[in-house]
Amino acid sequence: MGEQAKTPVTSPAFYPLGSAESRAAARAMREWKHSTSKRVEFISCIPDGRDDDRIQFGPWQERRDGTLSRYTYVPHVWVKIPVDDVPSCPDCGAAYEQTKESGGMMGFQPSCVAQHDPDNRGRSSKANA
Ligand SMILES: [Zn+2]
C-alpha cells in the first residue's frame, strides 16, 4: 500500500479562531495525529465488576512519548466439560471461540472483538494490520 500523507490536509490555523470550521479542523488534525501515532493496546481478561460479559474498550490515551495506549477488556469464561452451551457475545450473538482446556473446564473467548472496536465503526473496513 502507498504511504500515508505526512501532513494533515487541513489545519485550524486556516480558519477564524473558535469558528466551527476551526474546531472541525482541530478535530481532523487530532484524528490524523491519532491515526499515525504508535499504538499500544493492553488486553485484559480480568473482570472489574462492570459489564463483565461484554467486550469493553477504553479510550485511547496519549502518553508522554506520543504513543497512544488503551485498555481493552475481553471476557474469558470457563465452561465445564462436556460443554452444553457455548457462550456467545451479548452484543452480537457470535459464539465464543475455544481457547484452552484446563482441569475439566474449557475456556472461551469472543471472536468478534474487532467488530466492536469503536475505531472500526463508521469506517470502511480497512484491515488494520
Ligand atoms: Zn460480539
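Answer yes or no as to whether residue 55 is in contact (Cβ under 8 Å) with a residue 60 or more places away in the chain and over 26 Å from residue 11 (Cβ atoms). When the stated conditions are applied, residue 55 passes them. Restricting attention to the range 18-47, the residues that are at pLDDT 80 or above, open to solvent by 90 Å² or more (accessible area, probe 1.4 Å) and farther than 22 Å from residue 93 by Cα total 4. Among the residues of the range 13-28, those identified as hydrophobic (A, V, I, L, M, F, W, C) and either over 20 Å from the mean Cα position of the chain (by Cα) or not in a helix (DSSP H, G or I) (or both) are 13, 14, 17, 20, 24, 25, 26. The residues of the range 98-117 that are surrounded by 13 or more Cβ atoms within 10 Å (Cβ to Cβ), modelled with pLDDT of 95 or more and more than 10 Å from the ligand (Cβ to nearest atom), listed by number, are 98, 99, 105, 106, 107, 108, 109.
State yes or no: is residue 86 among the β-branched types (Val, Ile, Thr) and within 14 Å of the ligand (Cβ to nearest atom)? Yes.
Residue 120 meets the stated requirement of being among the polar types (S, T, N, Q), at pLDDT below 95, closer than 21 Å to residue 54 by Cα and open to solvent by 40 Å² or more (accessible area, probe 1.4 Å). Of all residues in the range 57-75, those satisfying the criterion of being at pLDDT 95 or above and assigned to a loop (DSSP other than H, G, I, E, B) are 74, 75. Quick check: anything in the range 45-56 within 16 Å of the ligand (Cβ to nearest atom) and among the polar types (S, T, N, Q)? Yes, there is a match, as at least one residue in the range 45-56 is within 16 Å of the ligand (Cβ to nearest atom) and among the polar types (S, T, N, Q).
The values are calculated or read from the model by the stated rules, or taken from the named source; none is laboratory data. Source: prediction; values computed, not measured. Note: ideal-geometry Cβ built from the backbone for every residue, glycine included; neighbour counts use all protein chains shown. For accessibility, only protein heavy atoms count, side chains too; no ligands or nucleic acids. Shrake-Rupley method; radii C 1.70, N 1.55, O 1.52, S 1.80 Å.
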